[in-house]
Each structure stands twice: as C-alpha cells, then as structure tokens.
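Here the structure comes first, spelled out in structure tokens, and everything after it is commentary.
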Amino acid sequence: MSTILILGAAVWPDGRPSPALERRTAHALSLWRAGAGSRIVCCGGLGRHAPSEAEVMARLLQEAGVPAEAILREERSTSTYENIAFARACLAEPRVVIVTDPYHAPRAVVIARRLGLEPRADCPDHRASPKARAREGFAWIKLGWWLLRGAPAP
C-alpha cells in the first residue's frame, strides 16, 4: 500500500492553515478515507509563523478522525526537495501518493523519482495564481540547473 505525502504550504500568523495547506490536507484526508494509503506523512517545517506546517496538518487530520498512529510529521523541511527527501526516511516502502497543488505536482514527482521513490500525484482542483506559476517556473530552473550539474537537487 502507498503512503500519502502532503507537501507543505504556509501557516498564517495566527497559526491557521493557509488556503493551500487546508486544501492539500482536505484532499489527503479524502484519499486516506478512500483507502489510497495507510499512513499520511505531513511535510513542512517552521515557516514565517508557528506552528510548523506539519503540525497544523496533523492537527486538522486528527480533528477529522484520522488516528494519531496513522500520521507522521516531517518538521524540518523548508523546500519541496526537503519535504520529499526528509519524508523518505519515514517510509517503509517506495510507493507514495504526493498531494500538492496541480502546478506543483510535476516537479514534486520528478524530485521523488530522483530520490528513488515510486510516486504518483493526486491533486485537489485548484487554479494557480500568476505569482504561484512564476515562482514554480523559477523553481524548475533551479532544479534543472542542479540536475544538469549532476548534483543532488536543492
């Protein structure tokens, strides 16, 4: 069975999840309820505001009825690469379902494959803002640079 990985997104100053974090967590919950994975890894360290992204996701999942033993928290990461690389240490098997926004999923899948995982992305419906698309474009350039150099991804 696969493990569900939720990639991090911002936490607001008052500790509430951003819309992206809430959307991704809700989608992962629906996948878990449908049996797409036996465990959920919440990925995301401390951003600009406490608590960590992983802590906020785990709280939302537990409030929705997911047992604590089905939830793992990866709380050190600050990037997509780190989300996946650090979560990999928690995995018993390489099959993962990556939950993130659609514009972000292709890069996340490339990174996961590069790290030896067997990923598939499953995304909530969402239309990315121009700012998010531009940021993702720069992230692809950075990833491409690292891959061309033969170095591990950033």
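Just a few scattered comments:
- The number of residues in segment 1-42 that are surrounded by fewer than 16 Cβ atoms within 10 Å (Cβ to Cβ), of a type in the set (K, R) and closer than 19 Å to T80 by Cβ comes to 0.
- Of all residues in segment 116-154, those satisfying the criterion of being over 20 Å from A28 (Cβ atoms), outside any helix (DSSP H, G or I) and either at pLDDT 90 or above or out of contact with any Leu (no Cβ under 7 Å at 6 or more places or on another chain) (or both) are G116, S129, G150, A151, P152, P154.
- Scan segment 53-101 for residues that are touching a Pro at 6+ places or on another chain (Cβ under 7 Å) and closer than 16 Å to R33 by Cβ and the total you get is 1.
- Residue in segment 28-37 that is under 21 Å from R95 (Cα atoms) and touching a helix residue (DSSP H, G or I) at 6+ places or on another chain (Cβ under 7 Å) present: yes
- Close pairs from segment 10-28: first in contact (Cβ under 8 Å) with a residue 12 or more places away in the chain and more than 15 Å from E63 (Cα to Cα), partner of a type in the set (S, T, Y) and surrounded by fewer than 19 Cβ atoms within 10 Å (Cβ to Cβ), Cβ under 8 Å, at least 6 apart: A10/S18; V11/S18; W12/S18
- No other residue among L46, L61 is crowded, with 19+ Cβ neighbours inside 10 Å, closer than 19 Å to E22 by Cβ and among the aliphatic types (A, V, I, L, M) apart from L61.
The values are calculated or read from the model by the stated rules, or taken from the named source; none is laboratory data. Computed from a predicted structure; not experimentally measured. Neighbour counts are summed over all protein chains in view; Cβ atoms, including those assigned to glycine, are modelled from backbone coordinates with ideal geometry.
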